[in-house]
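Remarks on the structure that follows.
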Amino acid sequence: MQVILDIFNFIGEQILSQYSIILGLVALVGLLLQKKPATTIISGVIKTVVGVIIIGAGAGVLVGGIDPLTKIINHVLGVQGVLPTNEAALPFALEKFGQIGSLVMVGGFILNVILARITRYKFIYLTGHIMLYVSLFVVIVLNATMGLEGWALWAVGTVVMGLYFTLMPALNYPGTKDVTGGERFSVGHTGDFSYWFSYEVGKLFKKGARSAEEFKLPKSLSFFRDTTSSLALTLLPIFLILTFFSWNYIVTEVSGGQNPIMFAIMSSLTFAAGMAIVLAGVRMMLGEIIPAFAGISEKLVPGAVPAFDCPVVFPYAPTALLFGFISMFIGMVIATILQVIFKVPYVILPGIVPAFFAGGTSGIFGNAKGGWKGAIVGPFIMGIVMQVGTSLLIPFTGELYDKGATFGDPFYATVGLAFAKVSDLIGKGGILGWIVLAAVILLTVFVFIMGKNYRHLDEPAAETAK
Amino acid sequence: MIKIFTVCPQGLGSSLIAKINVQKALEKMGIEGEVETAGVTSITGQKFDLIVTVPEMQDSLERYKDKLVFVTNFFKRDEIADTLEKKFREMGLIE
């Protein structure tokens, strides 16, 4: 009897406490269900586990870049500087919440498949890295605000993620159809709120809108799609400006005697190196899991609308992409300067990665109805909103708040912030907490009842009927 | 055994969808191959026979131009299958 208990203990406390192994098991199940050959299964599982370990290793390198930057910002400005970049926050989030976060991602996917089967919202979320990031974000917030742990945390997190995976692509499906000329897919990415917002704002410019695609922009701007270089290049000026205000401090306290300019260059490049490592790990980790998810959902929900990562819409309006990218970045820079002037406790640095992916895609959505004006206005406003919202979000992010990096995308700063506020109110309990909880449940039920009127899925069928 | 990379900006999301579609196409044609994803940076130093990508990535991948295969979009399964079939015929891998 003791032996069996020992085995259970070993499984529970040793194997399942390693989130890399949990994700390896997810890949194993996925590969088995697809009936892949044994060699593919073995290498797939190993790659998944190794990928997770690589992400952890990236953390050490990232810190070499972020730590000096946050120290210097703190010294010069007297505020905490935070970098809104998902991949930089990921290793820290995984360290404490990797186990429950990856289980929530799997639970959320299963609920997504169930909801897609039984409700009118036939969307399946297939952007793997975003699935993991949002799951971790939700787990962190639930833990920090409501104090949930263990199975309760998993259950609540799973429900939240299932709703997120199902509803966010539904929100953007009309816009995506407009952008693509009626293709049957949606966008699944944490720029989602900003795409919807930019699309709606674009409608205001309807009359005589000239498309951004009629302009010619220098091709060299597309260089920014390479995140490793663009990150290093945007961090460097920030570092250098701060360097001239804290030369002596850097020499004595931070760089260990190294020339501050050289130190700034090396720290920026170290950060970029950390990002490259994390990205390599994420790529390896998801390379087997997402194809498995795709295969499973295709079998269980035939005719579902997949939600893909935002670059799938890039080909439809490459110039609007650059309009959106630049205007969101300008919005971010203005907001950051204002945050410094007003000395808010958490200054959010301009995030080049969200500006390119979320801002650029927002430009494409804004352009669909509002032409070049639509491609600029929505992303610009969302650039400002993102800095303000992310700054307000920091106190709710528990373990992450002092790491110098946080989740950065319009979703987190808007819907994510609202979610954090709501779960904070529920967590505080009392009558208000119960009222908020009831309101959230009613709203969710209402959204699914309204789903009966969700006509966008019927359009192709209706057209053929004509 | 043919080695194919699907390449998108970061190598995370859309290239993974392309990978699924390329794998399906290979299975259908009965060609043995390995498919992996990469971003514009991480493709450097890799060994491969073909890169499947979209036209906007052309500038960033100029140095591999003999090995590039373009599709209009990563999620278009049929187009990816057709384009690859044509390419394999050119390479003499299938009749």
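The values are calculated or read from the model by the stated rules, or taken from the named source; none is laboratory data. Model, not experiment: these values are computed from the prediction. Here the Cβ positions follow ideal geometry from the backbone for every residue, glycine too, while neighbour counts run over all protein chains shown.
Residue check: is residue A:181 surrounded by fewer than 24 Cβ atoms within 10 Å (Cβ to Cβ) and away from chain B (no Cβ under 14 Å)? Spell out the reasoning first.
Numbers: surrounded by fewer than 24 Cβ atoms within 10 Å (Cβ to Cβ): yes; away from chain B (no Cβ under 14 Å): no.
No: the conditions fail for residue A:181.
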Query - Those helices (runs of 4 or more DSSP H) lying entirely in segment A:358-466 with at least 2 residues modelled with pLDDT of 95 or more - result: A:360-393, A:410-413, A:415-428
Query raised in the report: Are any residues in segment A:143-164 touching a residue at least 60 places away in the same chain (Cβ under 8 Å) and either farther than 21 Å from residue A:290 by Cβ or not aliphatic (A, V, I, L, M) (or both), and if so, which ones?
Result: A:143, A:144, A:145, A:146, A:147
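Of A:288, A:253, A:298, which residue is in contact (Cβ under 8 Å) with a residue 40 or more places away in the chain, out of contact with any Leu (no Cβ under 9 Å at 6 or more places or on another chain) and charged (D, E, K, R)?
Details: A:288 fails: out of contact with any Leu (no Cβ under 9 Å at 6 or more places or on another chain); A:298 fails: in contact (Cβ under 8 Å) with a residue 40 or more places away in the chain.
Answer to the check: A:253.
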Report task. Of the conditions (1) out of contact with any strand residue (DSSP E or B) (no Cβ under 7 Å at 6 or more places or on another chain); (2) under 18 Å from residue A:85 (Cβ atoms); (3) not aromatic (Phe, Trp, Tyr), residue A:138 clears all except one; give me its number. Result -> (2)
Report task. From the list A:406, A:414, pick out the single residue that is touching a residue at least 40 places away in the same chain (Cβ under 8 Å) and farther than 20 Å from residue A:197 by Cβ. Result -> A:406
Requested in this report: Hey, can you tell me all the residues within segment A:289-301 that are in a helix (DSSP H, G or I) and over 20 Å from the mean Cα position of the chain (by Cα)?
Outcome: A:292, A:295, A:296, A:297, A:298, A:299, A:300
**Report entry** Residue in segment A:200-210 that is touching a helix residue (DSSP H, G or I) at 6+ places or on another chain (Cβ under 7 Å), of a type outside the set (Phe, Trp, Tyr) and within 14 Å of chain B (Cβ to nearest Cβ) present
**Finding:** no
Requested in this report: Inspect segment A:106-116 for any residue being small (Gly, Ala, Ser) and either under 30 Å from residue A:347 (Cβ atoms) or out of contact with any strand residue (DSSP E or B) (no Cβ under 6 Å at 6 or more places or on another chain) (or both) and give the result as yes or no.
Outcome: yes
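Quick one: count up the residues across segment B:13-34 that are under 13 Å from the mean Cα position of the chain (by Cα) and either polar (S, T, N, Q) or within 9 Å of chain A (Cβ to nearest Cβ) (or both). Break it down into steps so the answer makes sense when it comes.
Taking segment B:13-34 and keeping what is under 13 Å from the mean Cα position of the chain (by Cα), we get B:14-26, B:33-34.
The next check asks that each one be either polar (S, T, N, Q) or within 9 Å of chain A (Cβ to nearest Cβ) (or both); those that pass are B:14-17, B:19-21, B:23.
The qualifying residues number 8.
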Report summary line: Filtering segment A:1-25 for residues that are under 29 Å from residue A:295 (Cβ atoms) and either surrounded by fewer than 10 Cβ atoms within 10 Å (Cβ to Cβ) or touching a Phe, Trp or Tyr at 6+ places or on another chain (Cβ under 9 Å) (or both) leaves a count of 1
Query raised in the report: Which residue out of B:10, B:46 is part of a loop (DSSP other than H, G, I, E, B), over 10 Å from the mean Cα position of the chain (by Cα) and either more than 8 Å from chain A (Cβ to nearest Cβ) or over 22 Å from residue A:279 (Cβ atoms) (or both)?
Result: B:46
Query raised in the report: Residues of segment B:57-80 being within 17 Å of residue B:17 (Cα to Cα) and within 14 Å of chain A (Cβ to nearest Cβ), which ones?
Result: B:57, B:70, B:71, B:72, B:73, B:74, B:75, B:76, B:77, B:78, B:79, B:80
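Filtering segment A:302-343 down to residues that are farther than 28 Å from residue A:47 by Cα, outside any helix (DSSP H, G or I) and in contact (Cβ under 8 Å) with a residue 12 or more places away in the chain, which residue is farthest from the other protein chains (Cβ to nearest Cβ)? Can you show your working first?
First, the residues of segment A:302-343 that are farther than 28 Å from residue A:47 by Cα: A:302-305, A:313-343.
Adding the requirement that they be outside any helix (DSSP H, G or I) leaves A:302-305, A:317, A:342-343.
Still in the list and also in contact (Cβ under 8 Å) with a residue 12 or more places away in the chain: A:303-305, A:317, A:343.
Details: A:303: 15, A:304: 13, A:305: 11, A:317: 11, A:343: 34 Å.
Within segment A:302-343, the match that is farthest from the other protein chains (Cβ to nearest Cβ) is A:343.
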Query raised in the report: Among A:379, A:350, which is in contact with a helix residue (DSSP H, G or I) (Cβ under 9 Å, 6 or more places away or on another chain), over 23 Å from residue A:206 (Cβ atoms) and of a type outside the set (A, V, I, L, M, F, W, C)?
Result: A:350
